[in-house]
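Student: This is the structure I want to talk about, given as structure tokens.
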Amino acid sequence: MIDKEQHDIAFTRQDVEIKSKETVYQGFFKMERFTLRHRLYAGGWSPWFTRECLNRGHAAAILLYDPKLDSVVLIEQFRIGALESPSSPWLLEIVAGMLDSNQPPQEVALREAEEEAGLKVERVLPLPSFLPGAGGLSERIYLYVGEVDASEAGGNFGLAHEDEDIQVKVVSREEAFVWVQQGRVDNAAAVIALQWLQLNLAEVRERWL
């Protein structure tokens with residue numbers, strides 16, 4: 001039997017003290033330097049130390065799935081963070097976008113589905129949100145699976161004023177999951193969403209078919 005108390009996180013935000021915070025870079029994203037300390041498992045407090053954290057805001061991402069065709073809609077675009085990738089800096093991803101200050105994450109996901117893939121989402125299932133790089137990145141990604149009609153999906157999309165150049169691809173769900181296994185799809189949001197769909201496929205198809 002699992003002892004629940006042994007699996008609870010010991011500390012909260014109240015167990016961190018911030019001595020100072022300064023912006024060390026402000027460009028497309030913002031980099032902040034913290035001087036802080038936190039409580040220790042053995043008791044007492046850590047010494048004061050510094051950490052830099054990239055503040056790029058939060059995002060919403062949605063896996064577009066057609067249950068009738070049993071296919072998913074992926075997008076391909078250039079990513080600066082993959083510039084040193086051994087294969088290519090053009091990545092296979094799911095639709096995603098940064099959150100506006102007052103817009104709920106699900107609304108952002110639906111908006112991005114139209115902007116990046118030209119598709120209207122019919123029904124939505126929320127997935128657990130996640131932190132892609134909490135060691136130095138404050139971003140949280142809110143994740144969804146959305147029902148679409150992929151029968152006429154395809155083409156090039158993206159907003160020119162945001163320097164987007166996006167190609168839409170429709171692939172079978174099975175092939176997309178093989179791409180995850182092969183490492184061809186290797187960005188966190190797409191991997192997590194496709195794995196979730198694979199694990200929960202029977203329930204999703206029962207709801208939407």
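What follows is calculated from the coordinates using simple rules that are stated; it is not laboratory data. Small disclaimer: the values here were computed from a predicted structure and weren't measured. With ideal geometry, Cβ positions are generated from the backbone for all residues, glycine too; neighbour counts draw on all protein chains shown.
Student: If a paramagnetic tag sat 7 Å from the Cα of S151 along the Cα-Cβ line, which residues of region 102-129 would have the backbone N under 18 Å from that point?
Tutor: Backbone N within reach: 118-123.
Student: Considering Cα pairs under 8 angstrom that are at least six residues apart, work out the relative contact order of region 24-162 and quote it in whole percent. Please report the intermediate quantities before stating the final value.
Tutor: Values: 265 pairs, mean separation 35.5, N = 139.
Rounded, it is 26 percent for region 24-162.
Student: Take H58, H161 and order them by how many other Cβ atoms sit within 10 Å, fewest up front. Present the calculation step by step, with values, prior to reporting the outcome.
Tutor: Details: H58 15, H161 6.
Ascending number of Cβ neighbours within 10 Å: H161, H58.
Student: Another question, then. Mind putting a number on the dipole of region 59-208 about its Cα centre? Charges go on the C-beta only, +1 for Lys and Arg and -1 for Asp and Glu, and I need it in Debye to the nearest 20. Don't skip to the end; give the middle numbers.
Tutor: Numbers: 11 positive and 25 negative charges, 93 e Å.
So the dipole magnitude of region 59-208 works out to roughly 440 debye.
Student: Across the chain, where is the longest run that never hits GluC sites (Glu not before Pro) in a DSSP loop with at most 16 other C-beta atoms within 10 Å? Don't skip to the end; give the middle numbers.
Tutor: Values: sites that count: E84, E122, E152, E164.
Longest site-free region, per DSSP loop and neighbour criteria: 1-83.
Student: A further question on this structure: To the nearest Å, what is the center-to-center distance of region 32-70 and region 143-209, using C-alpha atoms only?
Tutor: Centre-to-centre (Cα) distance: 25 Å.
Student: Are there chymotrypsin sites (Phe, Trp or Tyr not before Pro) in region 1-74 that DSSP puts in a loop and that have at most 16 other Cβ atoms within 10 Å, and which ones?
Tutor: Details: sites: F11, Y25, F28, F29, F34, Y41, W45, W48, F49, Y65; in loops: F11, F28, F29, Y41, W48.
Sparse-neighbourhood loop chymotrypsin sites (Phe, Trp or Tyr not before Pro): F11, F28, F29, Y41, W48.
Student: Only helical DSSP H runs with n ≥ 4 go in: add -39500 (n - 2.57) per run for the chain, normalise by residue count and round the 222 nm mean residue ellipticity to 500 deg cm²/dmol. Numbers along the way, then the final one.
Tutor: Numbers: 4 runs with 43 residues, N = 209.
Dividing the helical sum by the residues of the chain leaves -6000 deg cm²/dmol.
Student: E107 versus S85, label points 7 Å from Cα toward the beta carbon: distance in nm?
Tutor: 3.2
Student: Still on this model: Once you list every other residue whose beta carbon is under 12 Å from the beta carbon of E32, what net charge do they have if Lys and Arg are +1 and Asp and Glu are -1? Let's see the in-between values first.
Tutor: Working: positive: K21, K30, R33, R51, R56; negative: E22, E52.
Surrounding charge for E32 is +3.
Student: Using the count of nearby Cβ atoms within 10 Å as a rough guide to exposure, how do R13, R56, R173 rank from fewest to most?
Tutor: Working: R13 6, R56 14, R173 19.
Ranking R13, R56, R173 by Cβ neighbours within 10 Å, fewest first, gives R13, R56, R173.
Student: Where does region 91-131 land on Rg(C-alpha)/(2.2 N^0.38 Å)?
Tutor: Working: Rg = 10.7 Å, N = 41, 2.2 N^0.38 = 9.0 Å.
Scaled against compact globular proteins, the figure is 1.18.
Student: Something else now. When a/c is below 1.5 the answer is rounded, else prolate if a/b is larger than b/c, else oblate, so apply that to region 100-209 with a ≥ b ≥ c taken from the square roots of the Cα gyration tensor eigenvalues.
Tutor: Numbers: a/c = 1.26, a/b = 1.08, b/c = 1.17.
Since a/c stays below 1.5, the shape of region 100-209 is classed as rounded.
Student: Please compute the modelled spin-label separation between E22 and F130, points set 7 Å along Cα→Cβ, answer in nm with one decimal.
Tutor: 3.6
Student: Across the chain, how many lysine pairs separated by 8 or more positions, or lying on different chains, have Cα atoms within less than 18 Å?
Tutor: On the way: K21/K30; K68/K120; K68/K169; K120/K169.
Lysine pairs meeting the criterion: 4.
Student: How far, in degrees from 0 to 90, does helix 173-182 lean away from the longest principal axis of the Cα atoms of the chain, to the nearest 10?
Tutor: So the helix axis and the longest Cα principal axis differ by about 40 degrees.
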